[in-house]
Amino acid sequence: MYFNYNDTETKYLKSKCKKLSCVIDQIGHIEREVDKDLFSAVVHHIVGQQISTKALITVWKRFEENLKVINADNIINFGIENLQLLGISFRKAEYIMDFACKVKNGEFDLESIRTKSDEESIKALSSLKGIGVWTAEMLLLFCLERKNIFSYDDLAIQRGIRMVYHHKKITKPLFEKYRKRFSPYCSIASLYFWEVAAGKIEGMKDYAPAKN
């Protein structure tokens, strides 16, 4: 399952910016996978913090093989020690168990996130142990498919913006200028800046000053 967008969003973005329009034309439609299971997505993001993509794939496969279904009951029954044996730190296991217990006992209403505004959802999700603002933003984008997410804390998005617009540095006020330009479809713009940052357009370079 991929992030859902179409010509409505891309035509709007292209009308707002000639440079981004060229990027969209060169890259074409982007297929980025989404995880519609919000509980599983939260656990997946906690597991993936500060490890490589390859390591995450390996560890997550163990989660799926041992837990079958990633939900609160199965996490609680499995226990913290067994979670660690799947290849995560004690702290991550604690975060996951805390999340599962809060969902199970009703302290955290996970499903209510689906009906909250972006700002309210980010505030609620980032109140969980192990979930920061960036992770909450990624959950909104890649699980709930919210269309106006633009994360200042995402270094790849900043890199993509530098490459497209030849900036040496992305300040918060400059970033907010682009947020205003691309709203209400910042998520789709984000997809394209990620592709640019990954080197999908030959000849584009990062204009950030070289570090000594």
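Taken about its Cα centre, region 1-68 carries a charge dipole of roughly 280 debye when the Cβ of each Lys and Arg holds +1 and the Cβ of each Asp and Glu holds -1.
Working note: Karplus 6.51/-1.76/1.60 with θ = phi - 60° gives region 62-75 the couplings 5, 4, 5, 5, 8, 9, 6, 10, 8, 9, 4, 4, 5, 5 Hz, where Gly and Pro are set to x.
For CYS186, CYS22, what's the largest-to-smallest order of accessible area, 1.4 Å probe? Each step should come with its number before you reach the end.
Numbers: CYS186 0, CYS22 75 Å².
Largest to smallest exposure gives the sequence CYS22, CYS186.
Using the 1.4 Å probe convention, the accessible area of the chain works out to 55 Å² per residue with neighbouring protein chains retained. Ranking VAL34, HIS44, TYR5 by how far each Cα lies toward the positive end of the dipole of the chain (charges on Cβ) leaves TYR5 at the top.
Checking the cross-link pairs LYS92/LYS205; LYS14/LYS116; LYS102/LYS177; LYS168/LYS200; LYS177/LYS211 against a 31 Å limit on the alpha carbon distance flags LYS92/LYS205; LYS102/LYS177 as lying beyond it.
Which of the trypsin sites (Lys or Arg not before Pro) across region 1-85 are loop residues per DSSP, with 12 or fewer other Cβ within 10 Å?
Numbers: sites: LYS11, LYS14, LYS16, LYS18, LYS19, ARG32, LYS36, LYS54, LYS61, ARG62, LYS68; in loops: ARG32, LYS36, LYS68.
For trypsin sites (Lys or Arg not before Pro) across region 1-85 that sit outside H, G, I, E and B with at most 12 neighbouring Cβ atoms in 10 Å, the list reads LYS36, LYS68.
Helical runs assigned H by DSSP (4 residues or longer) give the chain a calculated mean residue ellipticity at 222 nm of -17500 deg cm²/dmol, each run adding -39500 (n - 2.57) before division by the residue total. Express the carbon and sulfur contribution to the solvent-accessible surface of region 1-60 as a percent, rounded to the nearest whole number, probe 1.4 angstrom. Taking all protein chains in place, region 1-60 shows 49 percent carbon and sulfur surface. Once you divide the Cα radius of gyration of region 1-86 by 2.2 N^0.38 Å, the number left is 1.56. In a GNM of the chain with a 10 Å cut-off on Cα contacts, which of PHE182, PHE78, PHE142 has the highest mean-square fluctuation? Largest GNM mean-square fluctuation: PHE78.
Qualifying GluC sites (Glu not before Pro) in region 111-212, where qualification requires a DSSP coil assignment and no more than 15 other C-beta atoms within 10 Å, comprise GLU202. Here the contact order of the chain, divided by its residue count and restricted to Cα pairs under 8 Å and six or more residues apart, works out to 23 percent. Considering all different alpha carbon pairs of the chain, the Kirkwood hydrodynamic radius works out to 18.6 Å.
For TRP134, the solvent-accessible surface computed with a 1.4 Å probe is close to 100 Å², ligands and nucleic acids excluded.
The values are calculated or read from the model by the stated rules, or taken from the named source; none is laboratory data. Keep in mind it's a predicted model, so treat the numbers as computed, not measured. Here the Cβ is made from the backbone with ideal geometry for all residues, glycine too, and neighbour counts use every protein chain on show. Heads up: the accessible areas ignore ligands, DNA and RNA and are worked out on the full protein's heavy atoms, side chains in. Shrake-Rupley method; radii C 1.70, N 1.55, O 1.52, S 1.80 Å.
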